[in-house]
Amino acid sequence: MSTAPPPKKPQSDVRKRSVLPSTLNLLAAAQSSSAAASINDLTSDEYLDKMEEELNRSVDKEVEGLVDGMGEIVAKGNIEGRDHHQLSLDSFQIASRTESMIRSTHTLLSLVHTLKLLHLFSDTATPTLATEKRAKELEKEIEVAKARVRALVQ
């Protein structure tokens, strides 16, 4: 009696749905805080003010990280009176601080891109003004055409 190995599970390249840890953290924070429930109670201006404050805090945090990082790099730039071990340690600290500054810069660039898109997609005044201007021009043309028809009929 020979026993055949169990059939292999078919492999697929279809991606399985998964939830990112950051999404889970955001969901947990939203459920645990009462601020999430109060967002619906805010007026439009209050909501925009709150969003502006959050964006300003984010920008301030990233810029502060850049300034602190640059200060640390400049402070470690002096190599006089240091041994090789201390110099290699400083070199490692400068490299890690530089990576942190690059992350902050990327975060700021991402924020700038998001703000540009928000501005582009939320600018409803310009198309509305253009539409109103075109409507007025068309109304004038219609009045002129009506006047010509009246003159031709009489």
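Placing unit charges on each Cβ (+1 for Lys and Arg, -1 for Asp and Glu) gives region 50-154 a dipole about its Cα centre, and among T107, G69, A147 the Cα reaching farthest toward its positive end belongs to A147.
Please state the relative contact order of region 39-153 as a whole percent: Cα pairs under 8 Å, 6+ residues apart?
Details: 22 pairs, mean separation 31.3, N = 115.
For region 39-153, the relative contact order is 27 percent.
Could you calculate the FRET efficiency of T107 with L42 from 1/(1 + (r/R0)^6), where r is the beta carbon distance between them and R0 is 41 Å, rounded to 0.05? Calculated value: 0.95.
Each label was represented as a point 7 Å from its Cα along the Cα-to-Cβ direction; for V63 and T126 these points are 2.5 nm apart.
Taking every Cα-Cα distance in region 49-91 and sorting them into 5 Å bins starting at zero, the pair-distance distribution P(r) comes out as 5, 21, 16, 13, 11, 9, 9, 6, 6, 3, 1 percent. With the largest listed first and rounded to whole Å, the semi-axes of the equivalent ellipsoid of region 33-154 from the Cα gyration tensor are 61, 22, 9. With the simple model of a label 7 Å out from the Cα in the direction of the Cβ, A145 to N56 spans 5.2 nm. Label sites at F92 and M70, each approximated as a point 7 angstrom past Cα along Cα to Cβ, lie 2.8 nm apart.
Here, each number is a calculation from the coordinates, and none is a lab measurement. Only a predicted model underlies this, so the values are computations on that prediction, with no experimental measurement involved. Neighbour counts run over all protein chains shown; Cβ positions are idealised from the backbone, glycine included.
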